[in-house]
Structures are given as structure tokens and as C-alpha cells.
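Down below is the structure, laid out as C-alpha cells.
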Amino acid sequence: MVLLVSFPGGTLAMAHILLLLSAACLHAGNSVAYNRENDYGIDQPVLLSGVQGGSIEIPFSFYFPWELAKGPQMSIAWRWKHFHGDFIYNSSLRFIHEHFKDRLSLNWTEGRTSGVLRILNLKETDQATYFCKVWLSTTEGMQSWQSIVGTQLTILHGELFWLRLQYLWLLSPLDVTSDPTTLNFVS
């Protein structure tokens, strides 16, 4: 499908529209799919954006072919900036990076294969890539793996957010909840 849009404002307006359109299209994208029968992996969105001062949730799920050990031990950790970046969260150590003190939480229960990392009061310095890492105890020993691509988080300032909201409203009606940083697209 091709969308042709003509806006007053010339090249700058068109550049904003193209940026927002590409972000809107990629916003719903997920990590590369894997052969779940013989492989293991982590699914998390490739791109997300949030508003400075607002909050964001990074959903994740993971899968694996191994049989869990009796009384399996599972742990989730998150890194940021790059694949080997600093850990910002570790569920087994109850660790939260100083940069995220009182702003970061993990909604996940051991034994489940999905959850959400929540970052509150977003700061411009939170703009980075976030990587989920999983450890679990199996009948074949301890296994661990990490998202390769991660989730690129873009922090928008209020005016860019509202421009994006207006543009997306043209594409699809929105159900705006009581939280102005949360958008629900009506299909």
C-alpha cells in the first residue's frame, strides 16, 4: 500500500510525516520469528517510543525446547545501550541500576514465559536499546540467552508527541485513555 500525502509546510513537514509514518509502521513490529520447536529465543518489540515524563512498557516473551528441571529456577535481567551493556535489572539479585532507581519495575512471575518491563518518569537519557536476558534451570543444565536486536526506545518531547498523535489519528481512530501517554488504536 502506498500513502500519498500533501501537506502545507514543504520539505520539513514531509520529513516529519515520513519519520512518523516509519515509526508508526515499525512501532508494532516484533523481533525476528524463530522455529519454536527446535530453537529458543526472546520476542520483544524492535521499536517503541514514549513521551518524556511519561511511562513505557516493554513487553517480552521467551520460548525454549528444553524440559524444565524440578523446581526450576528462572531469572530475567535487562541490559541497556548495547548487547554487552550494563545490567539495569536482575530479578534474582533484586538489582536495579542507579539511573532507574524508583522508576523501574518488572511485571513477571517466575514460571511464566512473558512479562513487561515498565519504566516510569521517562528521561531523555533513557533513550537507548534494551535487551532482555533469560536464565533457566533445565534437565540439561542451566541455559541462558539474550535478545540480539533488543528494543530501541525513542523519547519524544511533548510537541513531537502531539504532532505524531495528530498524524496517527488521520490513519486510524484512537481510543485515548485517561493516561495521555497511552494510545489504543481502534481496528
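The values are calculated or read from the model by the stated rules, or taken from the named source; none is laboratory data. Predicted model, so just to flag it, every value in this text is computed and none were measured. No Cβ is skipped: glycine too gets one built from the backbone with ideal geometry, and neighbour counts run over all protein chains shown. SASA here: full protein model, heavy atoms, side chains in, ligands and nucleic acids out. Shrake-Rupley method; radii C 1.70, N 1.55, O 1.52, S 1.80 Å.
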When we measure straight from the Cα of Lys101, which lysines land under 27 angstrom away, once same-chain ones fewer than 8 places off are left out? Lys81, Lys123, Lys133
Taking all protein chains as present, what is the carbon and sulfur share of the accessible area of the stretch 54-95, in % to the nearest whole number, probe 1.4 Å? 52
Which of the peptides 104-112, 50-58 is most tightly packed, and how do the rest follow, going by the mean number of other Cβ atoms within 10 Å of each residue? 50-58, 104-112
Any idea what log10 I(q)/I(0) is at q = 0.14, 0.16, 0.20 Å⁻¹ for the stretch 72-133, Debye with uniform C-alpha scatterers and no solvent? -0.38, -0.50, -0.77
